[in-house]
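To keep things clear, I will list the structure first and then write my remarks on it.
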Amino acid sequence: MQGYLQNWYIQNKRDLPWRHTQDPYIIWLSEVILQQTRVVQGLPYFLKFSTTYPSIKDLAEAPLDDVMKLWQGLGYYSRARNMHHTANLIYEKYGNSFPTSYEQMIALKGIGPYTASAVASFAFNLPYAVLDGNVNRVLSRLFMVDEPINSSKGKKIFESLSTEFLDINQPAMHNQAIMELGALVCLPQNPKCAECPLNTFCAARMKNVASEFPKKIKKQKPRDRYFNYIFIKQNNQTFLNQRFEKDIWQHLFEFPLIETKKKESLEEMLPQLKTILDTDKINSISCTFESKHQLTHQTIWADFWEIEISKIKPQKEWLKIDLQEIKNYAVPRLLEKFLIKHNLQ
Ligand code: SF4
């Protein structure tokens, strides 16, 4: 069965830049960027990162704020922070060369089983099976696995199934082929079974139930959060705050924020704004932008309060900058939308 899969891959694989290298650092970079990201969205970021930071040394020595700025817009920002942190760990321990064994990779904070298997197999042809969403889906249909992929029992089943299914003589090609099949043919909705090289072996296809797999435990509904951003305008200057607390968007910059339990009206916001700005004299105030921003586990309802003010006593952690300088700071996508609308990005 694996031979059919690999022949199909040779004839149908997409021509992607990270498939032209065996440099483990570049492969690792591509894997970090492509996690939870579609190829078409991740590709420009891969090109930017591999050009700006062509070696582990370049990435390790780069200021974190520069890395975050380059990552801006790709989402899941903890990946950028972890990537930078891991690059530093590797550089300290192994110098300007990437570790060469699965064990060395998995021992590093920030490299999990998926990434270690991908780099070990793609760069060094070592026999480790990759297991991502695409592979889970193909295996669940091929063998009609009833256990949910996101249950702890299911995870163990899929781990051993992927290892058993691995072609240990061609691990790099096998892993790429099954991932590519999931990306191009065994699609989440409407799998193209007629074009599939495994269709004569596939249990779900034979019973005509492919779209019922993989089984999943339903996730909780995302929680709602209400962000009130204060866009302070004072003589062509404004204030930014860098997020450090254990929450979304660590290390990114944003306007000073008041988080509330519900959407607030101007009357409800005014006293809170006066307190945080430590003033009674606000020249003008209006909500100039509203946005709903969907993250995996949270829905952010954001209001941007634009405030003209002549005197202010800023909080000590706020950073006073010229409006034109904002574009030099890494901001979440939500703020980027606001800045684009205001010609500040
Ligand atoms: S036959 Fe259909 S369901 Fe089975 S692996 Fe191929 S595309 Fe997926």
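The values are calculated or read from the model by the stated rules, or taken from the named source; none is laboratory data. Everything quoted here is computed from the prediction, not taken from an experiment. Virtual Cβ from ideal backbone geometry, glycine too; neighbours counted across all protein chains shown.
The conditions of being surrounded by fewer than 20 Cβ atoms within 10 Å (Cβ to Cβ) and more than 10 Å from the ligand (Cβ to nearest atom) are met by Lys156. State yes or no: is Ala204 buried (at least 19 other Cβ atoms within 10 Å of the Cβ), in contact with a helix residue (DSSP H, G or I) (Cβ under 6 Å, 6 or more places away or on another chain) and among the small types (Gly, Ala, Ser)? Yes. One residue alone among Asn96, Asn150 is more than 25 Å from the chain's Cα centre (by Cα) and in a loop (DSSP other than H, G, I, E, B), and that residue is Asn96. Scanning region 135-147 for residues that are farther than 25 Å from Trp28 by Cβ and either more than 16 Å from the ligand (Cβ to nearest atom) or within 22 Å of the chain's Cα centre (by Cα) (or both) turns up just one, Glu147. Among the residues making up region 105-134, those that are surrounded by fewer than 24 Cβ atoms within 10 Å (Cβ to Cβ) and either within 16 Å of the ligand (Cβ to nearest atom) or assigned to a helix (DSSP H, G or I) (or both) are Ile106, Pro113, Tyr114, Thr115, Ala123, Phe124, Leu131, Asp132, Gly133, Asn134. Just so you know, in region 30-50 the residues that are without any contact (Cβ under 8 Å) to a residue 24 or more places away in the chain, closer than 21 Å to His174 by Cα and of a type outside the set (S, T, N, Q) include one that is surrounded by the fewest Cβ atoms within 10 Å (Cβ to Cβ), and it is Arg38. Residue check: is Pro191 buried (at least 20 other Cβ atoms within 10 Å of the Cβ) and either more than 8 Å from the ligand (Cβ to nearest atom) or not assigned by TED's automatic domain parsing to the domain that holds Pro127 (or both)? When the stated conditions are applied, Pro191 does not pass them. If you scan region 194-215, which residues turn out to be within 9 Å of the ligand (Cβ to nearest atom), outside any loop (DSSP other than H, G, I, E, B) and without any contact (Cβ under 8 Å) to a residue 24 or more places away in the chain? Ala194, Glu195, Met206, Ser211 - these are the residues of region 194-215 that are within 9 Å of the ligand (Cβ to nearest atom), outside any loop (DSSP other than H, G, I, E, B) and without any contact (Cβ under 8 Å) to a residue 24 or more places away in the chain.
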